[in-house]
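Everything below concerns the one structure shown next.
The values are calculated or read from the model by the stated rules, or taken from the named source; none is laboratory data. The structure displayed is predicted, hence computed values, not measured ones. In this analysis, Cβ positions are derived from the backbone assuming ideal geometry, glycine residues included, and neighbour counts consider all displayed protein chains. For accessibility, only protein heavy atoms count, side chains too; no ligands or nucleic acids. Shrake-Rupley method; radii C 1.70, N 1.55, O 1.52, S 1.80 Å.
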Amino acid sequence: MTLFIDRDYAAATYDFTIPARKPWSGQLRKGQVLRIVDLEGQQAVDTLLYNLSNTTERYSAQDTLTAQGAAYIEAGTALMSNEGNVMATVIADTCGRHDTSAGACSCESNTVRFGHHTRYMHACRENFLLEVSKYGMTKRDIVGNINFFMNVPIMPDGEVTIDDGISAPLGYVDLRADMDLLVVISNCPQVNNPCNGFNPTPVRVLVWDSAV
Ligand SMILES: [Zn+2]
């Protein structure tokens, strides 16, 4: 399901463009809205959520899929924590297809999927590690993430593939914070599979103080 909401970009209280391949993090107060804009289309945006006041409570892909009874994230999806609380709700979405099963790319998984010659390549796990270390967290705090705009068809037999992205340029997803949040993003640097159209591009993040 897609759901469009017109917002005044000039009225945003925060506006930043995350360069291609780079990490980002920011705080979101309860009731605020974060919009992630896929500026050029077909860009996977790997995202983690933490309870701002207690980061041991964090996004849970398993709880989110179980609560929703669906394999994908879309407009209306409640993003659940490992403690069963709603962290944020997807209130707008122009793409209709976001993955939370395939995880983040890593140097190790790159060597398995694409060969040892890719070992040196920058990956989302390095981005996540750099960013969470600013908040005193380490490898063990990186859990299964959301891949906004990433197209991961799941076949009837359970096979998972990463397919060509279907998000159009300037497509967006809006998250309404349902608790105070730390949001951590890796603007995926992957070039070996089509999740970024083999060409990582910038994304824009904006925050508004209210959902309407
Ligand atoms: Zn990645």
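Yes/no per residue for (1) touching a strand residue (DSSP E or B) at 6+ places or on another chain (Cβ under 7 Å); (2) of a type in the set (Val, Ile, Thr):
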{"site": "Tyr9", "(1), (2)": "yes, no"}
{"site": "Trp24", "(1), (2)": "yes, no"}
{"site": "Leu28", "(1), (2)": "yes, no"}
{"site": "Gly31", "(1), (2)": "yes, no"}
{"site": "Thr47", "(1), (2)": "yes, yes"}
{"site": "Asn54", "(1), (2)": "no, no"}
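If you go through the range 1-46 and keep only what is open to solvent by 80 Å² or more (accessible area, probe 1.4 Å) and either charged (D, E, K, R) or part of a strand (DSSP E or B) (or both), you end up with Asp6, Asp8, Tyr14, Phe16, Arg21, Lys22, Gln27, Arg29, Lys30, Glu40. Considering the range 100-137, and only residues there that are farther than 20 Å from Ala20 by Cα and aromatic (Phe, Trp, Tyr), the residue that is modelled with the highest pLDDT turns out to be Tyr135. Could we say that Thr64 is within 17 Å of the chain's Cα centre (by Cα) and modelled with pLDDT of 95 or more here? Yes: the conditions hold for Thr64. If you take the residues of the range 67-102 that are under 13 Å from the mean Cα position of the chain (by Cα), open to solvent by 40 Å² or more (accessible area, probe 1.4 Å) and away from the ligand (no atom under 16 Å from the Cβ), which of them is farthest from Leu39 (Cα to Cα)? Ranking the qualifying residues of the range 67-102, first place goes to Tyr72. Here's a check for you: in the range 127-163, which residue that is assigned to a helix (DSSP H, G or I) and without any contact (Cβ under 8 Å) to a residue 40 or more places away in the chain is surrounded by the most Cβ atoms within 10 Å (Cβ to Cβ)? In this case the residue turns out to be Leu129.
Residues in the range 167-212 that are under 22 Å from Val152 (Cβ atoms), of a type in the set (A, V, I, L, M, F, W, C) and at pLDDT below 95: 4 in all. The residues listed here are Pro19, Pro23; of these, the one that is modelled with pLDDT of 95 or more, touching a Pro at 6+ places or on another chain (Cβ under 6 Å) and under 25 Å from Lys139 (Cα atoms) is Pro19. For the range 103-126, the tally of residues that are aromatic (Phe, Trp, Tyr) and surrounded by fewer than 16 Cβ atoms within 10 Å (Cβ to Cβ) stands at 1. Of all residues in the range 72-126, those satisfying the criterion of being within 17 Å of Gly165 (Cα to Cα) and assigned to a loop (DSSP other than H, G, I, E, B) are Tyr72, Glu74, Thr94, Cys95, Gly96, Arg97, Thr100, Ser101, Ala102, Gly103, Ala104, Cys105. Please list, ordered by first then second residue, the pairs with beta carbon atoms under 9 Å, 6 or more apart or interchain, first in the range 174-189 and farther than 17 Å from Ile18 by Cβ and small (Gly, Ala, Ser), second open to solvent by 10 Å² or more (accessible area, probe 1.4 Å) and away from the ligand (no atom under 13 Å from the Cβ). Sorted first by the residue in the range 174-189, then by its partner, the pairs are Ala177/Arg29; Ala177/Lys30; Ala177/Gly31; Ala177/Gln32; Ala177/Thr89. Taking first residues from the range 93-115 that are under 23 Å from Leu65 (Cα atoms) and touching a residue at least 40 places away in the same chain (Cβ under 8 Å) and partners that are within 14 Å of the ligand (Cβ to nearest atom) and among the basic types (Lys, Arg), the Cβ contacts under 6 Å between residues at least 6 apart in sequence or on separate chains come to Ala104/Arg125. For the range 57-66, filtering for residues that are free of Cβ contacts under 8 Å to residues at least 24 places away in the same chain and either in a loop (DSSP other than H, G, I, E, B) or open to solvent by less than 70 Å² (accessible area, probe 1.4 Å) (or both) leaves 1.
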